[in-house]
Structure formats: structure tokens, C-alpha cells
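**Q** Handing you a structure now.
Rule-based calculations on the coordinates, nothing more; no lab input. Note that this is a predicted model, so its numbers are computed, not measured. Because the Cβ atoms are built from the backbone with ideal geometry, glycine has one as well, and the counts that use them run over all protein chains shown.
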Amino acid sequence: MAELHDPVSRVPGVGMVRAAALRRRGIQTVEDLLLQLPFRYEDRSRISSISELIVGESYTFNVKVNRIRRLGYRDRNRVEAVMSDETGELKVVWFRQPYVADAIAKGDSVSLFGKVVEHDGDPQLVNPVLEKGAGLHLGRLVPIYRRIGKVAPGVLRRLIDACIDLVGEIPESLPDSTRRRLQLTGRYEAVVGIHRPTSTADASVLNAARSPAHQRLVCEEFLSLQTVLQLQRAQEKNELLGPEMIFDEASVAAILKVLPFRLTPGQDAALWAILADMQSRVPMHRLLQGDVGCGKTAVAGGALLVAATAGYQAAIMVPTELLARQHSRWLAPWAASGGVNMECLTGTTSSGSKQKILDGLANGDIKILVGTHALLEPEVSFSKLGLAVIDEQHRFGVRQRASLREKGRADHHQCPHLLVMTATPIPRTLELTVYGDLDVCKIDDMPPGRQPVVSQVVPAADWSRVVEMLVATVHRGEQAYVVAPRIKEGDDELSAAVQLQAELQRQLPGARIGLLHGRQAQDERSSTMERFRAGQIDVLASTTVVEVGVDVTNATLMVIGHAERFGLAQLHQLRGRVGRGSAQATCVFLAHAPLSENAQSRLEAVQSTTDGFELAERDLSLRGPGELLGTRQAGLAGLRVGDPFHDHEWLEVTSKEARRLVAAEDRESKDYCQRIWRYWGRRFAMSQTG
């Protein structure tokens with residue numbers, strides 16, 4: 001017998017080499033191996049006769065070996081056999097599997113499963129599954145596993161089956177009260193039900209991962225994640241102190257009065273929720289969500305200035321130098337009006353300027369710092385950091401976000417307030433997993449005077465129509481973006497910004513065409529954007545470097561080449577680069593046939609609405625695991641069974657149950673929370689920034 005925490009090498013058939021291969025994929029213990037779930041099931045239970053076979057269909061046969069021989073050599077080796085049952089004979093071939101000739105002999109009774117193909121006018125089986133004796137691989141509803149390194153699916157099936165026998169009973173991991181409340185099957189029954197489905201199990205339910213066994217393991221994993229997030233947040237509230245900032249409504253009103261516009265109700269509500277957190281000794285841990293163009297920067301700017309006037313330093317970190325300089329340019333007059341010293345630090349800041357900034361941060365003269373990853377450099381040290389803001393937070397890793405917050409930790413018990421912002425709307429159910437330990441506020445309205453962007457899907461064959469739109473835009477004195485997915489022409493048909501610029505210059509005589517892409521030197525990119533912002537470039541041929549944050553109010557036309565190749569969230573982000581002024585803006589999604597069903601659905605969705613939150617919900621239903629967020633977040637990286645996209649209905653359920661367990665005083669709930677904290681604690685040591 002083995003324990004779940006025993007090394008995977010305890011499993012029969014797992015030697016040193018195989019154990020090393022499994023460890024490289026994160027399978028270190030017996031439990032890890034048991035939680036490698038099948039990705040589908042194949043019904044190999046029905047035994048067919050050779051006489052009833054149809055070419056192109058898959059069958060299970062019980063047959064006798066009439067003849068078998070090994071042919072060829074090295075990479076061209078094959079094993080040929082003739083098998084028969086009471087109804088006829090069938091030729092069988094195995095390529096590059098010479099061991100088959102040693103495993104069976106003339107006269108043996110064997111089982112085969114495979115697809116019947118036609119060769120030289122006769123049916124045959126090629127590389128079928130072969131089994132003698134017990135029905136592990138054939139004769140039942142068979143779990144199909146993904147290959148792990150050099151561990152083939154059939155080998156993995158055998159190892160997992162042996163693992164179940166090795167451990168015997170699997171201890172229950174959930175509190176009895178939780179199992180009863182959520183009506184969940186036992187853990188042992190769930191593991192066995194997934195790896196050894198019964199003859200009465202519904203294959204369609206298993207393949208949809210909707211069986212009671214699947215749901216039990218998904219719920220178990222989600223609950224553990226939700227519980228540790230709740231425990232982590234509770235610990236932070238109980239043990240860490242945030243800077244208690246002193247300010248009143250009059251001082252905030254004076255700061256906002258400088259703005260050339262009034263905040264929308266959504267912006268105002270979000271700002272005051274943030275400011276209320278900043279007045280507390282509990283460190284703020286808040287997510288600000290909002291659609292493209294809703295004005296999150298204004299809200300963050302207000303929080304930065306309030307922190308500065310309250311006697312603290314504040315920092316905002318963004319993913320690109322382009323965005324850092326844009327934020328700095330926008331915030332500078334606002335800060336100057338309040339006598340607040342603000343600087344911008346990026347990777348291209350000169351050594352002399354950088355040293356002045358470092359000195360100003362250390363002695364407290366600089367109150368607000370805008371920057372990129374350069375803020376994380378070891379020599380960047382604040383004298384009194386009270387607020388850290390991270391914009392477009394999904395572009396940063398967990399450690400990077402934690403590093404910025406650490407710069408304000410005066411001692412073990414003090415921690416600056418943290419605000420993270422995202423313009424990639426996230427469905428409510430996914431918030432619970434990705435940001436389960438953050439307080440969330442949303443800006444759900446738009447600045448007045450803006451008109452919804454008109455969205456059009458245009459076939460690539462109608463490019464001349466797009467050219468006419470570009471000509472009309474330039475003629476009105478407005479500007480346009482034309483986005484291509486690649487920098488240089490590749491082997492496929494993807495548009496390229498470099499070639500596109502030349503083509504636009506030919507087709508738009510007299511128009512000033514610019515070029516922007518990520519491989520240009522930073523100075524060149526900055527210069528190009530300054531010229532575009534100043535109206536010195538009419539049409540900007542660009543890659544997706546313009547996706548995040550670029551704000552040019554005179555730009556009223558966005559053309560996205562090969563729109564079918566982009567994800568729904570990225571299409572929405574690119575569309576958000578226009579429509580930032582009062583003039584009517586248009587976004588053209590240039591589609592190249594033939595379109596896949598998914599591509600057609602994405603384009604129909606993005607054309608039908610400009611609501612980012614509605615699109616996020618549609619994206620949830622259209623896209624596969626992990627794609628919606630672009631990158632796997634800290635919590636998601638630890639999930640082995642559950643998929644927030646496929647199993648999102650369990651997130652709300654387990655979030656409520658986790659809150660109940662953390663608040664409960666009974667011994668069973670406390671023991672569960674302690675066990676979960678030990679399990680996840682180390683994994684999430686660096687995830688305090690979401």
C-alpha cells in the first residue's frame with residue numbers, strides 16, 4: 001500500500017527514467033498521477049465480427065492469430081499478421097512496433113481495436129491497439145490520456161490503474177458538511193469512477209466532463225483555491241497595516257477641479273471606493289475594471305494625487321514605454337497644478353536623469369513616479385511609498401507585481417495600498433478565480449459626448465472600399481490606423497506592416513503614412529507616435545503595438561487586417577483606439593476567406609456590440625481554456641483538474657462555501673482550512689498582488 005504523498009516512483013512500472021519524465025511535467029507524487037484525468041473516453045466494449053466491418057469505422061475484434069511475421073529493418077520495420085474469427089480473415093499491420101512480433105504468436109487469441117482502412121482494395125487494420133487477457137485497454141469504456149513526454153497514453157493508463165490498486169482507499173479531503181451541502185460523491189468513488197468507468201456509465205457525459213465523479217474533483221479543487229484566497233486576504237487584513245491617509249472631501253474636490261472635465265458617475269463611484277480603502281489601516285487590495293476608453297486613468301490619477309497630497313509617494317507601473325510616456329504627459333499638468341513633483345522612469349531614461357530620479361525618490365522630493373518594468377530595478381527605492389498602481393496588470397507576472405509592492409514595505413507589518421487595473425473585461429465567474437482575493441469595482445459608463453464606434457466586417461476582396469474610407473478620413477482632416485499582424489511578410493498570407501506602409505503610400509498619394517512596430521528602436525517609436533499625435537501623420541501602418549493605451553482623439557478610423565486571426569478581446573482592444581473624441585469613429589475588420597466557424601462567430605460578435613463585458617461573456621463561450629485572459633494567472637497555474645471556462649458554474653458555489661468555511665468555528669472547518677493553507681501556502685507565497 002502507498003500513501004497519496006509518496007513519490008510516484010512507488011507505482012509499479014515507474015522506474016528512475018519514467019519518474020524523471022513525470023516529474024518534469026509536475027507529477028511528483030502518487031496523488032499527482034491519480035489526478036491526471038483522461039481528456040476523452042472511447043467505447044471499446046462492443047465486440048464486432050470481421051464480416052460486418054466497414055472501411056473508415058473503428059471496431060473491437062476478438063480474433064485468433066493465423067500468421068505473423070516481422071519485415072523490413074530499422075525505421076522501415078513493420079509487423080504483418082493475418083487474424084481471423086468465425087466470420088472471416090483480416091490483415092493487420094503494425095509500423096515501427098517490432099515488439100508486437102514478440103508479444104503474440106500463431107494460435108494466440110487476442111483483442112484488437114482500430115480503424116479499418118483500405119489498402120490495395122482490401123480492408124486492413126493499421127497500428128491497432130492490441131491486448132491479450134485482462135480488459136484494461138479493450139472491452140470496456142476506455143479512458144484516453146494525453147502523452148506525457150515519452151510516456152505513451154497506453155502506458156499511462158496502465159500506471160494509473162496500478163496506482164488505484166496501490167493506494168486502496170483514498171482519504172476524504174472535504175468536510176462532511178460541505179459534501180452534504182453540495183451533494184458531492186466521495187473522493188475515492190470519484191477517482192475510481194473517472195479512471196475505471198462502469199459499463200453503465202454514459203460516455204457522452206464522461207466526455208463532457210460532467211459526470212458526478214468529474215464534478216466532485218472540480219469542486220474540490222476550486223474550493224481549495226477559493227479557500228486559500230479567502231485565508232490569504234483574511235491574514236493580510238489581520239496582520240498587515242496599510243498607510244492611513246488623511247484627507248477630506250474638500251481636498252479631493254480641489255484636486256478634481258483641475259481636470260478639464262467632470263468624472264462620470266461610474267468614475268466617481270470607483271474613485272471614492274478606492275479613496276475609502278486608502279483611509280483605512282487595512283492595505284487596499286483592489287481591482288479596477290472598466291471597458292476600453294471608460295477613463296480608468298483619470299480615476300487612477302486622482303488616487304495618485306490624493307496619496308501625494310496626503311504626504312505619501314505613489315507609483316504607477318505600465319507595460320510599455322509608449323504607455324508610460326502617454327500617462328506621464330497626461331498627468332503632468334494635473335500634478336503641477338497641485339505642486340506635486342512627478343517623474344517618468346523607463347528603460348531608456350538616460351543615466352543622468354535616472355540618478356536624479358533615484359535621488360528624488362530616496363529623499364522624498366518626487367511624489368509620483370510613472371514607469372515601466374524599470375520601477376522594479378533594485379536601485380529604485382522609495383522613502384514613503386503609500387500607493388502602488390499597476391495598469392494593464394495582465395501584462396505583468398506575479399513576481400513583478402509583488403516586487404513593486406515590496407518597495408513600500410517599511411517593515412514586516414506595513415504594506416502600501418495596491419490598485420490593479422485591467423481593460424480586458426472579465427466575466428464575473430472568472431473574477432472569482434483570477435482575482436478572488438481582491439475587492440472589485442467597475443466603471444460601467446463612458447465619458448459624455450462619445451459616440452459608439454461603427455463596426456464593419458469587410459471582405460478582403462473589397463479593399464478598394466477601405467481605401468475610399470481612408471481617403472475620406474484624411475480629406476476630413478482626421479487620422480487612421482491600419483493594423484497588420486506581422487512586421488515582415490512571412491511564408492503565409494498574413495499582412496505585414498512594412499509592406500502595408502509601401503502599399504498605402506502607393507494607394508494614398510499625398511497622404512502622410514507612418515510606420516510603427518515593436519522592433520523599432522524606442523526613440524523611433526516615440527517619435528512616430530508624437531508625430532501621429534501632433535497630426536503630422538495621417539495614416540499609421542502598425543502592428544498590434546497600438547493595442548494598449550494609445551490615445552489619439554483625432555483618430556477616427558481603425559482598419560484591422562486579417563481580423564479573423566485575432567481573438568475577440570484583442571479585436572475589442574484595437575477598436576478602442578478610435579472613438580476617443582466627439583467625432584463619429586469607424587472600425588473595419590478586414591476578413592480573409594475562408595473563415596472558420598469560430599472566426600465567423602468572433603467577427604459577428606464584435607460587430608454586433610461595443611460592450612466589452614458582453615463580449616467577455618461571449619468570449620468565455622467561444623474560446624478554449626486559458627485563452628481569454630491571455631496568460632494563466634497565479635491561481636490558474638495551480639489548477640490540475642478544473643477549468644474556469646468549462647466549469648465556471650462551480651466558481652460561484654465554491655466561493656460562497658469557502659467564505660463559510662473560513663468564518664466557521666467548528667473543528668472540522670478549521671482543520672480543513674489549516675490543511676488547505678499548508679498545501680497552497682507555499683505555492684501562493686508570491687501571489688499577494690493578485
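**Q** For a distance above 16 Å, tell me the whole-number percent of Cα pairs in region 322-377 that qualify.
**A** 40
**Q** Among all the aspartates and glutamates, which ones have a C-alpha under 12 Å from Lys296's C-alpha, if same-chain residues fewer than 8 places away are not counted?
**A** Asp268, Asp391, Glu392, Asp444, Asp445
**Q** Hey, another quick one. Let me know the charge dipole size of region 46-139 about its Cα centre in debye, to the nearest 20, where only the beta-carbon of Lys, Arg (+1) and Asp, Glu (-1) is charged.
**A** Details: 13 positive and 13 negative charges, 98 e Å.
Here the size comes out at about 460 debye.
**Q** I've got another one for you. Length gain on complete extension for the stretch Asp43 to Lys257, per 0.36 nm per residue less the alpha carbon to alpha carbon distance?
**A** Using 0.36 nm per residue and subtracting the Cα-Cα distance, I get 70.1 nm.
**Q** Where in region 49-67 is the amide nitrogen less than 20 Å from a point lying 7 Å along the Cα-to-Cβ axis of Glu118?
**A** 50-59
**Q** Tell me, Ser111, Ser527 in order of fewest to most beta-carbon neighbours within 10 Å?
**A** Ser527, Ser111
**Q** Regarding region 249-443, what is the average projected area of its C-alpha convex hull, in nm²?
**A** For region 249-443, averaging the hull's shadow over all directions gives 10.5 nm².
**Q** I've got another one for you. What's log10 of I(q)/I(0) for region 454-609 at q = 0.09, 0.10, 0.15 Å⁻¹, Debye sum over Cα points only, no solvent?
**A** Those come out to -0.25, -0.31, -0.73, one per q.
**Q** Between Ser351 and Gln97, 0.36 nm times their residue separation minus their Cα-Cα distance comes to what?
**A** Additional length available on full extension: 85.1 nm.
**Q** Here is a further query. Rounded to the nearest 10 degrees, what's the angle between the helix 321-337 long axis and the longest principal axis of the chain, both from Cα atoms, 0 to 90?
**A** Around 30 degrees separate the two axes.
**Q** Tell me what the chain gives for mean residue ellipticity at 222 nm when only DSSP H runs of n ≥ 4 count, each as -39,500 (n - 2.57), the sum divided by the residue total, rounded to 500 deg cm²/dmol.
**A** Helices in the chain give a 222 nm mean residue ellipticity of -11500 deg cm²/dmol.
**Q** Could you tell me the extents of the chain's C-alpha atoms along the three principal axes, largest first, rounded to whole Å?
**A** 94, 72, 44
**Q** Counting other C-beta atoms within 10 Å, which of His562, His119, His592 has the fewest, and how do the rest follow?
**A** His119, His592, His562
**Q** Region 33-128: which trypsin sites (Lys or Arg not before Pro) are DSSP loop and have at most 14 other beta-carbon atoms within 10 angstrom?
**A** Arg46, Arg96, Lys106
**Q** Obtain the nm distance between the two label points defined at Ser280 and Asp202 by a simple spin-label model: each point lies 7 Å from its Cα along the Cα-to-C-beta direction.
**A** Between Ser280 and Asp202, the simple spin-label model gives 4.5 nm.
**Q** What pairs from Lys115/Lys150; Lys257/Lys367; Lys64/Lys115; Lys354/Lys442; Lys356/Lys442; Lys237/Lys670 go past 29 Å between their alpha carbons? Present the calculation step by step, with values, prior to reporting the outcome.
**A** Values: Lys115/Lys150 24 Å; Lys257/Lys367 20 Å; Lys64/Lys115 18 Å; Lys354/Lys442 35 Å; Lys356/Lys442 37 Å; Lys237/Lys670 18 Å.
From Lys115/Lys150; Lys257/Lys367; Lys64/Lys115; Lys354/Lys442; Lys356/Lys442; Lys237/Lys670, over 29 Å: Lys354/Lys442; Lys356/Lys442.
**Q** OK, next. Pick out, from Val457, Ser582, Val482, the residue whose Cα sits farthest towards the positive end of the charge dipole of region 454-609, with +1 on the Cβ of Lys and Arg and -1 on the Cβ of Asp and Glu.
**A** Of the candidates, Ser582 comes out farthest on the positive side.
**Q** What is the angle, in °, between the Cα long axis of helix 667-681 and the longest principal axis of the Cα atoms in the chain? Nearest 10 is fine, range 0 to 90.
**A** That helix lies at roughly 80 degrees to the long axis.
**Q** Let me ask something else. Fewest to most neighbouring Cβ within 10 Å: what's the order for Asp277, Asp75?
**A** Numbers: Asp277 22, Asp75 7.
The most exposed by this proxy come first: Asp75, Asp277.
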